[in-house]
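Novice: Handing you a structure now.
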Amino acid sequence: MDTRAKMLKLIRNRKSGFSLEQPFYLDPDFFKLDLELIWYRDWLFAGHDCELPKPGSYMTVQVADYAVIILRDKQGNIRAFHNSCRHRGSRVCAAEKGTSARLVCPYHQWTYDLDGKLLFARQMAEGFDKSSFGLKPVACESVAGYIFICLADHPADFAPFRAMMEPYFAPHRMTEAKVAYESTIIEKGNWKLVWENNRECYHCAGNHPELCITFPEKPVVTGVDQVGDDAEMQDHWKKCEAAGLPSAFRIDEAGQFRVTRTPLLPGMSSYTISGQPAVKRGLSDVVITPEIGSLLLYHYPTIWNHVLGDHAVTFRVFPISATETAVTTKWLVHKDAVEGVDYDLQELIHVWTETNDQDRRIVEENARGIHSPAYEPGPYSAVHEDGVIQFVDWYAGFIEPRLAGGATTSLKSVA
């Protein structure tokens, strides 16, 4: 039986409410199918508009085998290209970030304009047509300060996600923020284990003492369908929406992306040890109250985040191998906030720096245990792990028609 047929059989025979079979977390061939059928075909969060402040600003990302350049062109538009020279394939940009009027391949100095056109190719034969060898474009969309790319030749429609997300995030003016700090950690576990750990707080009390100072352990705060049944959540939405901040839970029909605003613990307004704002200047001059809780965005397979009154924290997941995942965290503050004056950097990043390292250890121990020949799928808690069940259901439902051929989306709300 080939790998595709084996994966399809296991998906169709899987036990609902249970973790996946071992190959989904360990097998390199299953991982290649994840890449082919999800990562190389869907919209992926790459970074933020504010990381490209002026024409010529660029950043690079690596999505498994694909190297990508994302830049701001001369007209101020954000574009993306494959980071592979059209001469002999060398990476054109090796740095993670930078600014350049033109893109020059370091190998033989082939030079590209910011629109991807090949401007100069040294000592090529007479008749060489530069117009045929521009950088290959990558689909790129920017919404409310978030940049998404898609490696597919025919990307899925981005409009449903834009329509859902933009009203929630626009008041926070993330396009005008700046990245105060970022870190990338490598977790020695499959990307699905990283997501499964994120989608529940069943583990929080025993593992996240810093986070639990401000973050409620209630299952609904992780953005699950039942959130609309919670009276505290309904009350929080009403208060925030009265202040002009869309807050009610929304999710697309396929379960790939969702957004909602959730309260922190009583008296808390930010993810700090004190529970008080880490930044004196609010993230947005429009959002004037710190008591807004956290605006959550989940978009499988690459992003979850928390947008607070004083700052935002975004998390990006990129797969490296069947058993390695890169998690990049960025802390964003108002563009004019000054470190040492408006915020103390260690106070700003402490809670999530500790929480990320704790989650890394959790994922790695989970992965080690799954390596055991004794491993078999176990039951999720229907009380605390509904978010994990939803993620695994999304994964299985999303990849199954692609294994066999087909796929789809639309939106629903909980008000």
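The values are calculated or read from the model by the stated rules, or taken from the named source; none is laboratory data. Because the structure is predicted, anything quoted here is derived from the model rather than measured. Backbone-built Cβ (ideal geometry, glycine too); neighbour counts: all protein chains shown.
Novice: Check off (1) under 30 Å from Lys335 (Cα atoms); (2) touching a Ser or Thr at 6+ places or on another chain (Cβ under 8 Å); (3) surrounded by fewer than 18 Cβ atoms within 10 Å (Cβ to Cβ) for Gln62 and give me the number that stays unchecked.
Specialist: Failed condition: (2).
Novice: Show the residue pairs meeting these rules: Cβ distance below 7 Å; 6+ apart or different chains; first residue within segment 107-130 and part of a helix (DSSP H, G or I); second residue at pLDDT below 95.
Specialist: none
Novice: Go through segment 316-349 residue by residue and tally those that are of a type in the set (Asp, Glu) and closer than 21 Å to Glu176 by Cβ.
Specialist: Step one: list which residues in segment 316-349 are of a type in the set (Asp, Glu), which gives 324, 336, 339, 342, 344, 347.
Narrowing further to those that are closer than 21 Å to Glu176 by Cβ: 336, 339, 342.
Residues in segment 316-349 being of a type in the set (Asp, Glu) and closer than 21 Å to Glu176 by Cβ: 3 in total.
Novice: Given the structure, is Leu71 part of a loop (DSSP other than H, G, I, E, B) and surrounded by 21 or more Cβ atoms within 10 Å (Cβ to Cβ)?
Specialist: Values: part of a loop (DSSP other than H, G, I, E, B): no; surrounded by 21 or more Cβ atoms within 10 Å (Cβ to Cβ): yes.
In short, no.
Novice: Checking Tyr112 against (1) within 24 Å of the chain's Cα centre (by Cα); (2) crowded, with 21+ Cβ neighbours inside 10 Å; (3) not hydrophobic (A, V, I, L, M, F, W, C), which single condition isn't satisfied?
Specialist: Every listed condition holds for Tyr112 apart from (1).
Every residue, every condition in (1) over 20 Å from the mean Cα position of the chain (by Cα); (2) under 27 Å from Arg41 (Cβ atoms), yes or no:
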{"site": "Val61", "(1), (2)": "no, yes"}
{"site": "Ile69", "(1), (2)": "no, yes"}
{"site": "Ser90", "(1), (2)": "yes, yes"}
{"site": "Ser100", "(1), (2)": "yes, no"}
{"site": "Leu103", "(1), (2)": "yes, yes"}
{"site": "Leu119", "(1), (2)": "yes, no"}
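Novice: Additional query: Condition first: in contact (Cβ under 8 Å) with a residue 12 or more places away in the chain and among the acidic types (Asp, Glu). Now tell me which residues in segment 31-60 satisfy that.
Specialist: Passing the criteria: Asp34, Asp42, Asp49, Glu51.
Novice: Restricting attention to segment 268-304, report how many residues are closer than 22 Å to Glu176 by Cα and either in the same structural domain as Cys50 (by TED's automatic domain parsing) or in a loop (DSSP other than H, G, I, E, B) (or both).
Specialist: Total satisfying the criteria: 19.
Novice: Also, I was wondering about something else. What residue, among those in segment 193-214 that are under 20 Å from the mean Cα position of the chain (by Cα) and either assigned to a loop (DSSP other than H, G, I, E, B) or not assigned by TED's automatic domain parsing to the domain that holds His236 (or both), is modelled with the lowest pLDDT?
Specialist: Here the residue is Cys201.
Novice: Between Ile303, Ile292, which is among the β-branched types (Val, Ile, Thr), more than 27 Å from Asp235 (Cβ to Cβ) and in contact (Cβ under 8 Å) with a residue 24 or more places away in the chain?
Specialist: Working: Ile292 fails: more than 27 Å from Asp235 (Cβ to Cβ).
Step by step, each of Ile303, Ile292 is checked, and only Ile303 is among the β-branched types (Val, Ile, Thr), more than 27 Å from Asp235 (Cβ to Cβ) and in contact (Cβ under 8 Å) with a residue 24 or more places away in the chain.
Novice: Here are some residues: Ile213, Ile149, Ile185. Which one is in contact with a helix residue (DSSP H, G or I) (Cβ under 6 Å, 6 or more places away or on another chain) and aliphatic (A, V, I, L, M)? Before the answer, list the steps.
Specialist: Numbers: Ile213 fails: in contact with a helix residue (DSSP H, G or I) (Cβ under 6 Å, 6 or more places away or on another chain); Ile149 fails: in contact with a helix residue (DSSP H, G or I) (Cβ under 6 Å, 6 or more places away or on another chain).
Residue meeting the stated conditions: Ile185.
Novice: OK, next. Is it the case that Glu141 is surrounded by fewer than 20 Cβ atoms within 10 Å (Cβ to Cβ) and either assigned to a strand (DSSP E or B) or β-branched (Val, Ile, Thr) (or both)? Walk me through how you get there before you give the answer.
Specialist: Numbers: surrounded by fewer than 20 Cβ atoms within 10 Å (Cβ to Cβ): yes; either assigned to a strand (DSSP E or B) or β-branched (Val, Ile, Thr) (or both): yes.
Against the criterion (surrounded by fewer than 20 Cβ atoms within 10 Å (Cβ to Cβ) and either assigned to a strand (DSSP E or B) or β-branched (Val, Ile, Thr) (or both)), Glu141 qualifies.
Novice: On the basis of being more than 20 Å from the chain's Cα centre (by Cα) and at pLDDT 95 or above, does Tyr395 make the cut? So that I can check it myself, show each step before the final result.
Specialist: Details: more than 20 Å from the chain's Cα centre (by Cα): no; at pLDDT 95 or above: yes.
So Tyr395 fails the test.
Novice: Here's a follow-up. Looking at Glu291, Glu376, Glu364, Glu324 in this structure, which one is among the acidic types (Asp, Glu) and at pLDDT below 95?
Specialist: Values: Glu376 fails: at pLDDT below 95; Glu364 fails: at pLDDT below 95; Glu324 fails: at pLDDT below 95.
The conditions single out Glu291.
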